[in-house]
1. Shape verdict for the stretch 411-477, please, from the Cα gyration tensor: rounded (a/c under 1.5), prolate (a/b greater than b/c) or oblate.
2. Under the rule of at least 5 residues apart or a separate chain, name every residue whose amide H is placed under 5 Å from the amide H of Ile247.
3. Report Rg(Cα)/(2.2 N^0.38 Å) for the stretch 334-417, keeping two decimals.
4. How high is the relative contact order of the stretch 106-158, given as a whole-number percent (alpha carbon pairs under 8 Å, six or more residues apart)?
5. Take each of the peptides 136-144, 33-41, 304-312, average the number of other beta-carbon atoms within 10 Å over its residues, and list them starting from the highest.
6. Pull up the DSSP beta bridges for the stretch 134-285 and report the antiparallel fraction as a percent, rounded to 5.
7. Distance between the C-alpha centers of the stretch 31-67 and the stretch 327-367? Whole Å please.
8. Starting at the first residue of the stretch 485-496, write each ³J(HN,Hα) from the Karplus equation 6.51 cos²θ - 1.76 cosθ + 1.60 with θ = phi - 60°, in whole Hz, x for Gly and Pro.
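The values are calculated or read from the model by the stated rules, or taken from the named source; none is laboratory data. This is a predicted model, so every value here is computed, not measured. Here the Cβ positions follow ideal geometry from the backbone for every residue, glycine too, while neighbour counts run over all protein chains shown. In case anyone asks, the SASA skips ligands and DNA or RNA and just uses the protein heavy atoms, side chains included. Shrake-Rupley method; radii C 1.70, N 1.55, O 1.52, S 1.80 Å.
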Amino acid sequence: MRYIIAIDQSTSATKAMLFGVGADAGVSPFQLLARADKEHRQYYPQEGWVEHDAEEIYQNTVEVIRRLHSHAEQESPISNLQLSISITNQRETAVVWNRHTGRPIAKAVVWQDTRGRDLCTRLQAEGYGPLVMERAGLLIDPNFSASGVTWLLDNIPDAREAAERGDLLMGTIDTWLIWKLTNGKVHATDTTNASRTMLFNIHTMEWDDDLLRLFRIPRTMMPQVLPCDAVYGETTVEGLFPEPIKIAGVLGDSHGALVGQMCFAEGMGKVTYGTGSSVMVNIGTTPLPAPKGLVTSVAFSAMGNHYYGYEGNIYSTGATLKWLADQMKMVAHPRDMEAEARSVESSGGVYIVPAFSGLGAPWWKSDVRGAVFGLTFATTRAHFLRAALESIALQIKDLVDAMTHATGTTLKEIAADGGPTKNQLLMQLQADLLQTPVVCTEVEDASALGAAIMCGFATGLWKSFEEVNPLRKVTQVFAPGNDNHEALYAGWLRAVQQLTTNLTN
């Protein structure tokens, strides 16, 4: 058998999954053999700031690989395994580090962080929105990497001078992990992560000099950009493996889920339920202008072609459930929410607008904050928990409606992945609100599967999209019910309007 360790470095944790690929007697041609997970700390030093320790994330990555190595050793000597590593990662989170010392100049600026808001607001006011949208396919927003990097260069002592001397490097988390795993030999990213920085031209597929000048980021900081199905380098993972193994197959987590759900054809789409959520639809090999409130990104680059996607991103979905468990202590764990939420027939008119770091697509209001509407003396914890689940499904509906209204099409189904898909109440609510079947697949972590598929393309395991289509195994389909959810959605729109109107006033 051949083996692939897929690293899924998400906003909340680092996961590693060991996939076996082969056709040995009695062995499935492709199977998940083992997994390991390790959470990392979230830092909130100021209102609107969200940070990660890049060094901690790297050490956690090494640790989860070691755990899977130990599992593999129990099955067969590791020297006999044909093994590669692939990476999928939280996007937009930016790391800046010194190329000589290998140390970050500060904690990573997470995609949820809004410290770049003032810069983005100024650039919008100065009329640069059309330029950024035309070149990068993105709205000017602190969600994307560029403004956070600019903030670091302007506010960390001596950082800008070091950057101008060529001493500093930048990258998203994939770039940081590749650089560390190769002992600083490879500074590279893939087209999908590059397309989420506001610095990458999705037409020329290169870093854009005008955008770099706009954000005052030296080109010397930027990584090489490669297709998703490339071999990026080799690593021993700090001596864990006696001989170097390949790092092959890299893409952002939402893009990995699109690939893992086998959305290779134009018009196919998926929803990833994670810390935040992404709705992405494959639009083919032409980077079309996005509908209002959405963006155009590189969906994936493989088999010699670049595929593009319309996408909308929600900042807080799974993060809302984690907040209720970890900080509000309403439940011990997010998985405990479903039973109590089912104990009531509705949320009793309660709406949670989880704008902890602002509202993402299609509203793009980075300066609003979360709010709860409709509380009465009759409100119970069960109503509150159900409202939290509804907030996820309602935000997804916002995006799907924006896409379908703009294109004049309807989706035959929505492919769903991510931890919250285990919550059957949430999945049924989603199907009812969209009036579209929600399809869950065998591999909960579709992003990791997508990374493994790109690794297989890069190393010659598979030669075409058709070869990997059978890897998608549907486990459950949630058909839309007959319940009328129009009133629920209308109440949601009123709550969002009230929140944004109060901000304006």
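1. prolate
2. Result for Ile247 returns Ile85, Tyr232, Gly233, Glu234, Thr235.
3. 1.26
4. 47 percent
5. 136-144, 304-312, 33-41
6. Percent antiparallel among DSSP bridges in the stretch 134-285 is about 80.
7. Distance between centres, Cα-based: 24 Å.
8. Per-residue couplings from phi come out as 9, 4, 5, 4, 5, 4, x, 4, 4, 5, 5, 5 Hz.
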